[in-house]
Amino acid sequence: MKIKINISSEIVTKPILAESILETGILLNVSQAHFESSYGEIVADVDEEEFEKIFPALTSRGADVIRLDTPINWDEDECVECSACMSVCPTNVFSLDDDFSLIVDQSKCIQCGTCVDMCPHDALSLKDTRPI
């Protein structure tokens, strides 16, 4: 399962991910990470059984953890097929058909949200993610 770990400005300089891994022995497969001085965000894979152990370790240190159950949502009616999403997607979820229609391969989506931020028409979302 994919999870997103959000780290707020109060704890961004603390090694909460490393501490949680050391405490539980659970290894995370990090597919994307972004840190700035004011926040951090990590997208990672973890087995369902192992999630039950690492979730309390992360949240007890102040991290917000969101289960990413659904790949990117694409609103075909809102989309103008500008291809902005194609230029930023790290896993090539988006491509163009022979007639230049947008093709979305959700099986490649790592739910990083980069395309959501780039889309000028709000045709992409991760709305079906749910907090734990």
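The values are calculated or read from the model by the stated rules, or taken from the named source; none is laboratory data. This is a predicted model, so every value here is computed, not measured. Here Cβ is always computed from backbone atoms with ideal geometry, including for glycine, and neighbour counts include all displayed protein chains. Each accessible area value is taken on the protein alone, full model and side chains, heavy atoms only, with ligands, DNA and RNA left out. Shrake-Rupley method; radii C 1.70, N 1.55, O 1.52, S 1.80 Å.
Of the strands (runs of 3 or more DSSP E) entirely within region 49-122, those holding at least 1 residues that are open to solvent by 40 Å² or more (accessible area, probe 1.4 Å) and without any contact (Cβ under 8 Å) to a residue 12 or more places away in the chain occupy 94-96, 102-104. Applying the criterion of being in contact with a strand residue (DSSP E or B) (Cβ under 7 Å, 6 or more places away or on another chain) and not small (Gly, Ala, Ser) to the residues of region 18-41, the residue that is surrounded by the fewest Cβ atoms within 10 Å (Cβ to Cβ) is Asn29.
Scan region 18-48 for residues that are in contact (Cβ under 8 Å) with a residue 40 or more places away in the chain and within 18 Å of Gln111 (Cβ to Cβ) and report the count. Talk me through it step by step, then tell me what you get.
The initial filter retains those residues of region 18-48 that are in contact (Cβ under 8 Å) with a residue 40 or more places away in the chain, namely 19-20, 31-32, 43-48.
Keeping just the survivors that are within 18 Å of Gln111 (Cβ to Cβ) gives 31-32, 43-48.
Residues that pass the stated criteria total 8.
For region 123-132, the set of residues classified as in contact (Cβ under 8 Å) with a residue 60 or more places away in the chain and either surrounded by 14 or more Cβ atoms within 10 Å (Cβ to Cβ) or part of a loop (DSSP other than H, G, I, E, B) (or both) consists of Thr129, Ile132, listed by residue number.
Restricting region 1-15 to residues that are of a type in the set (A, V, I, L, M) and crowded, with 20+ Cβ neighbours inside 10 Å leaves a set whose member that is farthest from Cys112 (Cα to Cα) is Ile7.
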